[in-house]
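Visitor: Can you keep this structure in mind? I'll have questions shortly.
The values are calculated or read from the model by the stated rules, or taken from the named source; none is laboratory data. Every value quoted in this text rests on a predicted model; they were computed, and no experiment measured them. So basically every Cβ, Gly included, is an ideal-geometry build from the backbone, and we count neighbours across all protein chains shown. Calculation scope for accessible area: heavy atoms of the full protein, side chains included, ligands and nucleic acids excluded. Shrake-Rupley method; radii C 1.70, N 1.55, O 1.52, S 1.80 Å.
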Amino acid sequence: GHVLMGTMDFKTDPSAVTINLLLIVRPEEAASKEKGQREGQTEGGRGAGLEGDGNGNSRSQPPQGTDLNGGHGPSDPCEQTPPITSGPHKGTQVTVEIHHEDTSPQLIKRLSLGKGSQRLRGHDNKGFQKAEAARPPGAKDLHAYPWDKSSLKSMPVDLQQFEKLDAYALKVNVKNSVEELVKALLKQARTDLEKVRAIWMWICHHIEYDVVGYHNKSQLSSKPRDVLQMGKSICEGYAELFEHMCSLAGIQCKKLSGHAKGHGYKTGQTFTGDSDHAWNAVYLEGRWHLLDSTWGSGSVDDSFTKFTQRYNEFYFLTHPALFINNHFPDNSNWQLLKPTLTLKEFENNMLHNSNFYTLGLLAVHPDTPIIQTVNGKASVSVDCRHGTLFMFKLKGTDEHGLMTLKKHGMKLDIYPQKTGSHKLEIFAKPSKAEASDDVYKCVVEYVVQCESVDKAMRFPRELHQPVGPSWFSERQGFLRPSHREPVLHTNDGRCCLTFTLGKDISVLTSLHTDGSSLAEDMGRRHVLQIRRKNQIELKVHLPHAGNFVLKIYSKKKSDPGNYDYIFNYLIRCLNTEVKWPAFPQSYSKWLQDYEILEPLSGLLPANRNVQFKLKMHGIAKVLVQAESTHPLTQNKGCWEGTCNTSGCREVFVMVHENANHSFYSHVLRYEVETQ
């Protein structure tokens, strides 16, 4: 073999410089050299010729060949250089790397002599294309931090184009050797991206996390061959198998290790000591990309005794600004970020799990995991792209908060009713979910530290989250609400809300409060509905001071079925003088667009003449029945008249729908005060 030497002017002390030269040898020599190399290397070592520390440095220290990730790699330089065959064109590329012992990896200059082919690769004796030496991350690998809210991945990936390949990779069932497995997987893969995808899909669906081995690491082998035979491993084994399979496929891949906010992570904890997780970087289309096949394969339960296989697309080529959310590499260059984060920043940063991003959420405020209440209150908000439904649990219940849905997210005010530290979990689900997605998934967790309790902000048990109108109630046909806020304050115990209603909607309302002051039927009678074409007005008269919930239900008029709950308001009244009676009771013949002008009170004074004024259409006669019967007369669309309440306990309004019939229907019932 001929050695090409480059002549260099050294401006520095030559002793402080390491030079890696790639030797050019003939193919048959390459094969035998490679064979000797492979046999002199343990299976679990680097795959084909990846550099000792993954930064392109063949460092003279530390002598035992520990790479930057604490794993042991080969320290013999000849093992770190892949054989290269000269291509058909005579001008062969030679790469010379020069660096001081203390140069930081991104500053390495790559000097290339001669023209010739850009990608020179050799074949080993098993017919595999060998991967080139892993080049260290440089400027073009870096992504801006924080995340620019664009893509979840570090390169454009069309998942639909992978459907066939994914299905093929899942079916491959080769367990006798890693080489055979890779050969089978690559049959359907043309590009490097497809090769990586096939390897990724296979590992995520065929290797289980070894919960038993995790507790007894001494018995555990992370060698690719053993991981394949066992069909299970811990993160180390996933990462080594991934790296080895990529190198067999001729793709540069590097095992990385560091700290992860994974199982057992506690909000706000610090990380000390050795790294606790391993993952990979792969080199595709001229850039480094990150992935975690352990986390792509599923999850472990809280007691760490059971692994559930649940494929997670998020950890395939994750955008580095999102990957840093729960992966902190030992070597900060492998964050692939500018600027890089410090361990302290990583510890203090909010943990968003993969559901957060896959559901299209963008940000939370505050973005620190521990929040203090101020005067008994803490506030949280979430930004998202489009209609997403949210729920929350504070110490396992949603009673002590007010959550409102916004077009692009939600806002939540929390009023813990005990001092101390409380776990606050926020859940989300898409509003137009497929059946499979129709569950709320936890997207973010806080610790709320409460110093004082605001007793006044105790909410009725009947209050449902979210509170107030939103895009969701609009979608159900309640448009242009007069009150957009979730809480209505009234001093005189009365309030009035209006909406424009979508077509064909029937509305039902009820008022609730804690304690037994409002039985269900009375709760309905403290709200009066008035319909004018497509407008609805809801008049509320509170029976006493306190906190009340106004619930609103609807159904399609044409549907025979039940009413569906849509939304609710919180109504607050501090005035203890308030004492409104219920509205009169109405019967089925009282139509939605009839209107009571007077008397609005369902409780009439005894021994009085009471004035009646009712808006009704399409009827022949109206009678008010007290001790005796009083006909009302029609005047400009209203039926009017008086009635005396003496000598009776109740008063009914009755209608004659057809003048030729003697049949009357009850439409309203009033009570009369007892003496």
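Visitor: Do you know which residues across the range 622-639 are over 12 Å from Val653 (Cβ atoms) and open to solvent by less than 80 Å² (accessible area, probe 1.4 Å)?
Guide: Ser628, Asn635, Gly637, Cys638
Visitor: Here is a list: Gly296, Gly286. Which entry is outside the structural domain of Ser431 (by the TED database), closer than 21 Å to Leu193 by Cβ, surrounded by fewer than 20 Cβ atoms within 10 Å (Cβ to Cβ) and not polar (S, T, N, Q)?
Guide: Going through Gly296, Gly286 in turn, just one is outside the structural domain of Ser431 (by the TED database), closer than 21 Å to Leu193 by Cβ, surrounded by fewer than 20 Cβ atoms within 10 Å (Cβ to Cβ) and not polar (S, T, N, Q): Gly286.
Visitor: Name the pairs: first residue in the range 342-365 and on the phi > 0 side of the Ramachandran plot and modelled with pLDDT under 95, second residue open to solvent by 20 Å² or more (accessible area, probe 1.4 Å) and in a loop (DSSP other than H, G, I, E, B), Cβ to Cβ under 6 Å, at least 6 apart or on different chains?
Guide: Once the first residue is on the phi > 0 side of the Ramachandran plot and modelled with pLDDT under 95 and sits in the range 342-365, its partners that are open to solvent by 20 Å² or more (accessible area, probe 1.4 Å) and in a loop (DSSP other than H, G, I, E, B) give Gly360/Arg385.
Visitor: Moving on. Select from the range 549-562 the residues that are at pLDDT 95 or above and among the hydroxyl-bearing types (Ser, Thr, Tyr) and write down the one among them that is farthest from Pro486 (Cα to Cα).
Guide: Among those residues, the one meeting the criterion is Ser554.
Visitor: In addition: Name the residues in the range 377-429 that are open to solvent by less than 80 Å² (accessible area, probe 1.4 Å) and hydroxyl-bearing (Ser, Thr, Tyr), would you?
Guide: Across the range 377-429, the qualifying residues are Ser379, Ser381, Thr388, Thr397, Thr404, Tyr415, Ser421.
Visitor: Given the range 556-659, what strands (runs of 3 or more DSSP E) lie entirely inside it while holding 3 or more residues that are under 16 Å from Val527 (Cα atoms) and assigned by the TED database to the domain that holds Leu511?
Guide: Qualifying strands (runs of 3 or more DSSP E): 564-573.
Visitor: Tally time: how many residues in the range 529-548 are part of a strand (DSSP E or B) and closer than 21 Å to Val487 by Cβ?
Guide: 9
Visitor: On to the next question. Looking only at the range 430-460, how many residues end up being farther than 30 Å from Gly268 by Cβ and either at pLDDT 95 or above or open to solvent by less than 30 Å² (accessible area, probe 1.4 Å) (or both)?
Guide: The qualifying residues number 1.
Visitor: If you scan the range 504-526, which residues turn out to be touching a residue at least 40 places away in the same chain (Cβ under 8 Å) and closer than 17 Å to Lys555 by Cβ?
Guide: Listed by number, the residues that qualify are Asp504, Ile505, Ser506, Val507, Leu508, Thr509, Ser510.
Visitor: Name the one entry in Lys232, Lys266, Lys255, Lys261 that is without any contact (Cβ under 8 Å) to a residue 12 or more places away in the chain and out of contact with any Cys (no Cβ under 9 Å at 6 or more places or on another chain).
Guide: Lys266
Visitor: Quick one: which helices (runs of 4 or more DSSP H) sit completely within the range 189-250 and have at least 3 residues that are of a type in the set (A, V, I, L, M)?
Guide: 192-206, 224-230, 235-248
Visitor: Now, a different point. Looking at the range 301-314, is at least one residue touching an Asp or Glu at 6+ places or on another chain (Cβ under 8 Å), open to solvent by 20 Å² or more (accessible area, probe 1.4 Å), in a helix (DSSP H, G or I) and among the β-branched types (Val, Ile, Thr)?
Guide: No; the residues of the range 301-314 include none that is touching an Asp or Glu at 6+ places or on another chain (Cβ under 8 Å), open to solvent by 20 Å² or more (accessible area, probe 1.4 Å), in a helix (DSSP H, G or I) and among the β-branched types (Val, Ile, Thr).
Visitor: Continuing with this model, one more query. Given the criteria at pLDDT 95 or above, open to solvent by 40 Å² or more (accessible area, probe 1.4 Å) and hydrophobic (A, V, I, L, M, F, W, C), does Leu574 qualify?
Guide: yes
Visitor: With the requirement that a residue be within 38 Å of the chain's Cα centre (by Cα) and outside any strand (DSSP E or B), what does the range 494-519 give you?
Guide: Once the filter is applied, which keeps residues that are within 38 Å of the chain's Cα centre (by Cα) and outside any strand (DSSP E or B), the range 494-519 yields Gly502, Lys503, Asp504, Thr513, Asp514, Gly515.
Visitor: I've got another one for you. Tally up the residues in the range 167-177 that are in a helix (DSSP H, G or I) and either surrounded by 21 or more Cβ atoms within 10 Å (Cβ to Cβ) or of a type in the set (Gly, Ala, Ser) (or both), please.
Guide: Residues in the range 167-177 being in a helix (DSSP H, G or I) and either surrounded by 21 or more Cβ atoms within 10 Å (Cβ to Cβ) or of a type in the set (Gly, Ala, Ser) (or both): 2 in total.
Visitor: Those residues that are among the aliphatic types (A, V, I, L, M) and touching a Lys or Arg at 6+ places or on another chain (Cβ under 6 Å), I need them from the range 645-668; list them, please.
Guide: Residue satisfying the conditions is Val667 alone.
Visitor: Let me ask something else about it. Go through (1) assigned by the TED database to the domain that holds Leu412; (2) within 30 Å of Ala169 (Cβ to Cβ); (3) buried (at least 16 other Cβ atoms within 10 Å of the Cβ) for Gly360 and report which single condition fails.
Guide: (3)
Visitor: Same structure, new question: Restricting attention to the range 477-507, which residues are open to solvent by 30 Å² or more (accessible area, probe 1.4 Å), at pLDDT 95 or above and closer than 18 Å to Lys533 by Cα?
Guide: Scanning the range 477-507 gives Leu479, Arg480, Ser482, Cys496, Thr498.
Visitor: Also: Please work out which residue is farthest from the chain's Cα centre (by Cα), limiting yourself to the range 587-600 and to residues that are open to solvent by 40 Å² or more (accessible area, probe 1.4 Å) and farther than 20 Å from Asn658 by Cα.
Guide: That would be Glu598.
Visitor: Would the range 224-236 turn up any residue that is closer than 25 Å to His352 by Cβ and crowded, with 19+ Cβ neighbours inside 10 Å?
Guide: yes
Visitor: So, in the range 621-675, how many residues would count as being among the small types (Gly, Ala, Ser), modelled with pLDDT of 90 or more and within 15 Å of Glu598 (Cα to Cα)?
Guide: 1
Visitor: Could you say whether any residue in the range 328-338 is part of a strand (DSSP E or B), polar (S, T, N, Q) and either more than 18 Å from Asp192 (Cα to Cα) or open to solvent by less than 50 Å² (accessible area, probe 1.4 Å) (or both)?
Guide: No, the range 328-338 contains no residue that is part of a strand (DSSP E or B), polar (S, T, N, Q) and either more than 18 Å from Asp192 (Cα to Cα) or open to solvent by less than 50 Å² (accessible area, probe 1.4 Å) (or both).
Visitor: Next question, about the same structure. How about the range 605-621: which of its residues are open to solvent by less than 30 Å² (accessible area, probe 1.4 Å) and in contact with a Pro (Cβ under 9 Å, 6 or more places away or on another chain)?
Guide: Selection gives Val610, Phe612.
Visitor: May I ask you to list the residues in the range 382-428 that are hydroxyl-bearing (Ser, Thr, Tyr) and closer than 23 Å to Leu152 by Cβ?
Guide: If the condition is that a residue be hydroxyl-bearing (Ser, Thr, Tyr) and closer than 23 Å to Leu152 by Cβ, then Thr388 is the only one that fits.
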